[in-house]
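Asks: Before we start, here is the structure in question, set down as structure tokens.
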Amino acid sequence: MAAAMAWLRRGAWGPARRCGLAAGRSYSGGGAYPSVSLTCPLPGVPKAVFAAAEGRERFETRVTVLENGLRVASQKKFGQFCTVGLLINSGSRHEAKYLSGISHFLEKLAFSSTAQFGSKDEILLTLEKHGGICDCQASRDTIMYAVSADTKGLDTVVNLLADVALQPRLSDEEIEMTRTAIRFELEDLNMRPDPEPLLTEMIHAAAYRDNTVGLNRFCPVENTDKIDREVLHSYLRNYYTPDRMVLAGVGIEHEQLVECARKHLLGVEPVWGSGQTKDVDRSVAQYTGGIVKVEKDMSDVSLGPTPIPELTHIMIGLESCSFLEEDFIPFAVLNMMMGGGGSFSAGGPGKGMFTRLYLNVLNRHHWMYNATSYHHSYEDTGLLCIHASADPKQVREMVEIITREFILMAGAVGEVELERAKTQLKSMLMMNLESRPVIFEDVGRQVLATNTRKLPHELCALISQVKSADIKRVVTKMLHKKPAVAALGDLTDLPTYEHIQTALSSKDGRLPRMYRLFR
């Protein structure tokens with residue numbers, strides 16, 4: 001074999017083979033191969049056009065601001081389908097002056113009857129002609145109406161989005177159906193085996209007590225009957241204005257999207273009128289820290305042949321930074337480095353088996369069912385949290401393990417674990433941005449917040465620049481803040497908030513010792 005390879009390297013087939021000539025070879029039928037050089041252009045064949053790397057402009061997000069302040073953003077992507085939608089700077093953080101739950105109502109009422117479309121069925125039939133689907137999502141700081149459809153139906157899609165956002169009928173029947181749907185969702189939320197949505201609400205309420213992102217994202221049960229068309233119109237009048245909107249599209253030509261925006265979103269009179277806005281809440285998030293506890297019997301959350309055991313859930317968080325700050329990237333790397341998950345998660349290195357919460361917590365403490373890191377970031381604040389679950393009798397020990405992990409964040413960061421976290425973050429970023437709807441949301445949210453968009457390769461370059469010193473710096477700053485704590489389940493053995501705060505201020509993260517005269 002080695003001799004054969006050496007023979008090939010020496011070019012032992014001779015000059016005829018090297019220049020592409022079929023010297024002396026013949027077909028099995030006996031006819032000789034034509035003697036044609038493959039290094040020269042073939043006679044009668046058109047000249048080949050080779051693919052070349054296109055300029056950076058192909059990947060840039062283009063943004064145009066219309067006369068009324070509406071921003072139109074687009075991103076090219078090959079394919080027959082496009083994703084187009086309206087993102088509005090609205091959400092539960094803006095409900096301080098209103099009844100809590102308006103955004104939840106608007107999310108459920110989306111794509112119902114409008115001035116042009118008599119019912120939700122009519123809207124769905126219109127989209128069906130272009131192979132389209134629609135969705136609406138309301139978060140703390142954004143409401144998003146999105147449609148994915150064939151690019152040939154762009155004009156129909158933009159017309160529909162404009163009508164859904166600016167001309168909803170909000171009939172009494174639709175509002176009553178929404179009340180029923182919300183009551184059911186709230187009931188379901190409290191019965192789910194997975195408490196993560198509930199804990200996320202609780203940790204925000206503890207971290208930002210009664211302000212901005214700490215306001216409830218779900219409509220309280222007592223408000224379902226109070227929210228009506230008049231309340232919704234008063235909110236929409238202030239927050240559904242062109243200067244607070246972005247029309248984003250992925251997979252379409254920018255000029256075509258701008259043309260459709262001018263046609264359907266310029267000079268349109270909303271159904272609630274275009275009076276002067278007066279109650280816009282421009283409050284900046286105020287981090288307060290604190291604790292929110294909900295005593296709850298979790299013993300019968302998941303019955304059946306393989307019931308989930310009774311667990312107590314704890315989430316501890318500290319203020320990080322907004323996504324507009326430079327420290328956002330080091331915090332994202334830190335969150336990836338902490339990682340974690342459920343004790344029964346299947347996986348390998350790509351699923352976080354080498355993250356700190358797996359190595360230091362789940363691998364060493366078999367009685368812990370969950371240890372997961374989360375990072376929530378907004379335009380004026382952020383929150384890094386660790387969620388842990390265990391048997392109610394182990395709550396004190398579990399809290400101490402988590403506080404120790406927070407303290408260890410400020411310690412030495414190994415070069416290998418840092419590089420692994422950075423590589424994993426970059427791969428996750430690039431993998432998610434292969435999906436058209438994800439690109440659409442990224443384009444819309446970035447343009448809504450900054451009027452521009454950082455491209456994936458720019459974000460990857462920033463991730464690569466993160467050093468262990470950056471991690472230590474942001475953690476040291478974070479540990480000086482008061483903690484936010486959310487606790488759900490049997491809380492008999494839960495340490496006091498003051499003890500948790502003391503542990504996070506200590507050198508080793510240990511809770512103060514408790515001595516009892518009587519047991």
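Asks: What do you reckon, is Thr452 in the same structural domain as Thr381 (by the TED database), open to solvent by 50 Å² or more (accessible area, probe 1.4 Å) and either assigned to a loop (DSSP other than H, G, I, E, B) or touching a strand residue (DSSP E or B) at 6+ places or on another chain (Cβ under 9 Å) (or both)?
Replies: So Thr452 fits the description; yes.
Asks: Taking segment 463-513 as the region of interest, how many residues are aliphatic (A, V, I, L, M) and more than 28 Å from Pro309 (Cα to Cα)?
Replies: Of the residues in that region, 10 qualify.
Asks: Sticking with this structure for a sec: What single numbered condition from (1) part of a loop (DSSP other than H, G, I, E, B); (2) modelled with pLDDT under 80; (3) open to solvent by 40 Å² or more (accessible area, probe 1.4 Å) fails to hold for Glu67?
Replies: With (1) part of a loop (DSSP other than H, G, I, E, B); (2) modelled with pLDDT under 80; (3) open to solvent by 40 Å² or more (accessible area, probe 1.4 Å) applied to Glu67, the lone miss is (2).
Asks: Scan segment 195-215 for residues that are part of a loop (DSSP other than H, G, I, E, B) and either within 19 Å of the chain's Cα centre (by Cα) or closer than 13 Å to Val294 by Cβ (or both) and report the count.
Replies: 1
Asks: Here's a follow-up. Only residues that are open to solvent by less than 10 Å² (accessible area, probe 1.4 Å) and in contact with a strand residue (DSSP E or B) (Cβ under 9 Å, 6 or more places away or on another chain): list them for segment 84-104, please.
Replies: Those that are open to solvent by less than 10 Å² (accessible area, probe 1.4 Å) and in contact with a strand residue (DSSP E or B) (Cβ under 9 Å, 6 or more places away or on another chain): Val84, Gly85, Leu86, Leu87, Ile88, Ser90, Gly91, Ser92, Ser103, His104.
Asks: Same structure again: Just one of the numbered conditions (1) open to solvent by 40 Å² or more (accessible area, probe 1.4 Å); (2) among the aliphatic types (A, V, I, L, M); (3) closer than 29 Å to Val213 by Cβ; (4) not assigned by the TED database to the domain that holds Ile401 is not true of Met514; which one?
Replies: Result: Met514 passes all but (3).
Asks: Quick check: is even one residue across segment 398-417 β-branched (Val, Ile, Thr) and not in a helix (DSSP H, G or I)?
Replies: yes
Asks: Determine which single condition Val438 fails, assuming it passes every other condition in (1) open to solvent by 40 Å² or more (accessible area, probe 1.4 Å); (2) in contact (Cβ under 8 Å) with a residue 12 or more places away in the chain; (3) among the aliphatic types (A, V, I, L, M).
Replies: The single condition Val438 does not satisfy is (2).
Residue by residue, here is whether (1) in a helix (DSSP H, G or I); (2) of a type in the set (S, T, N, Q); (3) within 23 Å of the chain's Cα centre (by Cα); (4) within 19 Å of Leu236 (Cα to Cα) holds:
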{"residue": "Asp155", "(1), (2), (3), (4)": "yes, no, no, no"}
{"residue": "Asp163", "(1), (2), (3), (4)": "yes, no, no, yes"}
{"residue": "Leu170", "(1), (2), (3), (4)": "no, no, no, yes"}
{"residue": "Ala181", "(1), (2), (3), (4)": "yes, no, no, no"}
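Asks: Further question on the same structure: Determine, yes or no, whether Tyr235 is more than 23 Å from the chain's Cα centre (by Cα), of a type outside the set (A, V, I, L, M) and buried (at least 22 other Cβ atoms within 10 Å of the Cβ).
Replies: It is true that Tyr235 is more than 23 Å from the chain's Cα centre (by Cα), of a type outside the set (A, V, I, L, M) and buried (at least 22 other Cβ atoms within 10 Å of the Cβ).
Asks: What number of residues within segment 120-159 are acidic (Asp, Glu) and either within 22 Å of Ser90 (Cα to Cα) or open to solvent by less than 40 Å² (accessible area, probe 1.4 Å) (or both)?
Replies: Selection size over segment 120-159: 3.
Asks: Counting only residues that are open to solvent by 50 Å² or more (accessible area, probe 1.4 Å), more than 24 Å from Thr151 (Cβ to Cβ) and either in contact with a Ser or Thr (Cβ under 9 Å, 6 or more places away or on another chain) or of a type in the set (S, T, N, Q) (or both), how many does segment 105-119 have? Spell out the reasoning first.
Replies: Applying the first criterion (open to solvent by 50 Å² or more (accessible area, probe 1.4 Å)) to segment 105-119 yields 108, 115-116.
Checking the rest, the ones that are also more than 24 Å from Thr151 (Cβ to Cβ) come to 108, 115.
From what is left, the residues that are either in contact with a Ser or Thr (Cβ under 9 Å, 6 or more places away or on another chain) or of a type in the set (S, T, N, Q) (or both) are 108.
Total satisfying the criteria: 1.
Asks: Taking the condition in the same structural domain as Leu99 (by the TED database), open to solvent by 40 Å² or more (accessible area, probe 1.4 Å) and touching a residue at least 40 places away in the same chain (Cβ under 8 Å), does Glu259 pass?
Replies: no
Asks: I've got another one for you. Can you pull out the residues in segment 359-387 that are open to solvent by less than 10 Å² (accessible area, probe 1.4 Å) and out of contact with any Gly (no Cβ under 6 Å at 6 or more places or on another chain)?
Replies: Val361, Met368, Thr381, Gly382, Leu384, Ile386, His387, listed by residue number.
Asks: Could you identify the single residue in His365, His313, His376 that is out of contact with any strand residue (DSSP E or B) (no Cβ under 6 Å at 6 or more places or on another chain) and outside any helix (DSSP H, G or I)?
Replies: The match here is His365.
Asks: If you don't mind, another one. So for segment 225-246 (the condition being in a helix (DSSP H, G or I), of a type in the set (Val, Ile, Thr) and within 30 Å of Ala96 (Cα to Cα)), does at least one residue qualify? Lay out the reasoning, then the answer.
Replies: Taking segment 225-246 first, the residues in a helix (DSSP H, G or I) are 229-239, 242-244.
Still in the list and also of a type in the set (Val, Ile, Thr): 231.
Of the ones still in play, those that are also within 30 Å of Ala96 (Cα to Cα) are 231.
The answer is yes, given that some residue of segment 225-246 is in a helix (DSSP H, G or I), of a type in the set (Val, Ile, Thr) and within 30 Å of Ala96 (Cα to Cα).
The values are calculated or read from the model by the stated rules, or taken from the named source; none is laboratory data. This is a predicted model, so every value here is computed, not measured. A quick note on method: Cβ atoms are made from the backbone with ideal geometry, for glycine too, and the neighbour counts reach across all protein chains shown. When the accessible area is computed, the model is the full protein with side chains, heavy atoms only, and any ligands, DNA or RNA have been set aside. Shrake-Rupley method; radii C 1.70, N 1.55, O 1.52, S 1.80 Å.
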